[in-house]
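The values are calculated or read from the model by the stated rules, or taken from the named source; none is laboratory data. Quick caveat: nothing in here was measured; it's all calculated off a predicted structure. Note: ideal-geometry Cβ built from the backbone for every residue, glycine included; neighbour counts use all protein chains shown. Calculation scope for accessible area: heavy atoms of the full protein, side chains included, ligands and nucleic acids excluded. Shrake-Rupley method; radii C 1.70, N 1.55, O 1.52, S 1.80 Å.
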Amino acid sequence: MFRVRCRARRKNRIRRHRVKISAVRTHILEAALSQPFAYSRAWYASRTAMLVEIETDSGLTGWGECYGPARMTAPVVDAMSRWLLGQNPLHTDRLWQQIYADLRDHGQKGLVVEALSGIDIALWGIKGKHFGVPVYDLFGGPLRTSVHAYATGLYRRKRGNPLDYLSQEAAGYVRDGFHAVKLKVGFGVADDVRAAQAVREAIGPDVGLMIDANHAYDTVAAIELGRRVAGLDIGWFEEPVLPEDLAAYRAVKAALPMPIAGGECEFTRLGFRDMFATRALDVVQPDICAAGGIGECKKIADMAATFGIRYNPHVWGTGIGIAASLQLMATLPTHTPTSLAPLDPVLELDQTEHPIRQAILKTPLTHVSGVVAIPDGPGLGIEIDRDALEAFRVRPSA
Ligand code: CA
């Protein structure tokens, strides 16, 4: 009798948890910038975003974001809805593995994994809301309640002397309380050296300075730049060379004294495997909206920790990408786990103009003196402002 009652109770429990995905929607958003800005390879005149909304028959909604070209990731997510509709949204790993396996022959990197990332983030948000806990609780609990952020900015503009406007911008980040700033390089070695010197002078000796070439250089130019700025206490040299060329990464790493960073153009734990196994870099920067989502990035982070490689995520999206990154960052081990003064992972906080970034959140995710609190609400801990979605929505062409 007792056993029968137990079985019935267990059955009820299972039935209560049987929730189904009822809708998958994509939102392509775009906003013009007040003035264009450039990194080493291109100019930006607008910012776009591709958001994924997943609804369940239990009334829960999850939000995800895809890094990459919004008009191309949206149809890939739309096509993936056939794997999702009617499925249990709590089965994050099963659904990820199934979609990845079914598309393995055609999409081990790039758009397919970016689409999968947005879906995965939305599903983890649903799972957190379903159990009434933040995502970091589902990964074993938080190691921290806030993270230090560094300012990503210091791009090039159409007008003015770069040495002047870069110095002013960098000094502004220091006034805002940031403990570190990242300068875009890749505009020619001599030009980069002058810019790095100007920014170092503007921020003083106690604020961190990283440089990011967005893989504009070959090994020769990257090593030359690294040697010429080595005296400026460079926190890391990011994407010095092409992301596909791990031998070039190893050559740059062997030649230069500062840590080498990269990984925003790599995908899934399978993609990161050789990078880690051959110790091609010191700091790995997967983008949660590109590399496979929350579940996959947790696996990549565990691999990074196993290989003794620092994990500091690449973040370049809206509040959804920031929130998902923060949930994962809550669970990351410190870089120096046995030290009495542990060195924690740092958040990349994009300070360039992005009208959509915070507007889609009901409560913005901002920093106070360079520190960002990790939201502790259910799921990603954010709420979406649907009016903002309408304001930035790209209308389908007639
Ligand atoms: Ca970068």
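Take the residues in the range 173-186 that are within 16 Å of the ligand (Cβ to nearest atom) and touching a strand residue (DSSP E or B) at 6+ places or on another chain (Cβ under 7 Å); name whichever of them is nearest to E224 (Cα to Cα). Here the residue is V185. Of the numbered criteria (1) of a type outside the set (V, I, T); (2) within 14 Å of L328 (Cβ to Cβ); (3) in contact (Cβ under 8 Å) with a residue 40 or more places away in the chain; (4) within 15 Å of the ligand (Cβ to nearest atom), the one G295 fails is (4).
Filtering the range 237-289 to residues that are within 16 Å of the ligand (Cβ to nearest atom), in contact with a Gly (Cβ under 6 Å, 6 or more places away or on another chain) and either assigned to a loop (DSSP other than H, G, I, E, B) or at pLDDT below 95 (or both) leaves E239, L281, Q285, P286, C289.
Please find, among I288, I309, the residue that is in contact with a Cys (Cβ under 6 Å, 6 or more places away or on another chain) and in contact (Cβ under 8 Å) with a residue 12 or more places away in the chain.
Answer to the selection: I288.
Residue-level check: of (1) touching a Pro at 6+ places or on another chain (Cβ under 7 Å); (2) among the aromatic types (F, W, Y); (3) over 23 Å from T61 (Cα atoms), Y155 misses just (1). Selection of the range 29-45 for residues being assigned to a strand (DSSP E or B), open to solvent by less than 40 Å² (accessible area, probe 1.4 Å) and of a type outside the set (F, W, Y) yields L29, A31, L33, A38. One residue stands out in the range 204-233 among those that are under 22 Å from Q168 (Cα atoms), surrounded by 21 or more Cβ atoms within 10 Å (Cβ to Cβ) and under 26 Å from the mean Cα position of the chain (by Cα): the one that is farthest from the ligand (Cβ to nearest atom), namely V207.
Residue count for the range 49-73 satisfying the condition of being open to solvent by 20 Å² or more (accessible area, probe 1.4 Å) and either modelled with pLDDT under 95 or closer than 13 Å to E114 by Cβ (or both): 5. Taken as a whole, the structure leaves A324 outside the set of residues that are open to solvent by 40 Å² or more (accessible area, probe 1.4 Å), more than 15 Å from the ligand (Cβ to nearest atom), touching a residue at least 12 places away in the same chain (Cβ under 8 Å) and assigned to a helix (DSSP H, G or I).
One residue stands out among those in the range 113-137 that are surrounded by fewer than 21 Cβ atoms within 10 Å (Cβ to Cβ) and not in a loop (DSSP other than H, G, I, E, B): the one that is nearest to the chain's Cα centre (by Cα), which is D137.
All of (1) open to solvent by 10 Å² or more (accessible area, probe 1.4 Å); (2) in a helix (DSSP H, G or I) hold for V199 with one exception: (1).
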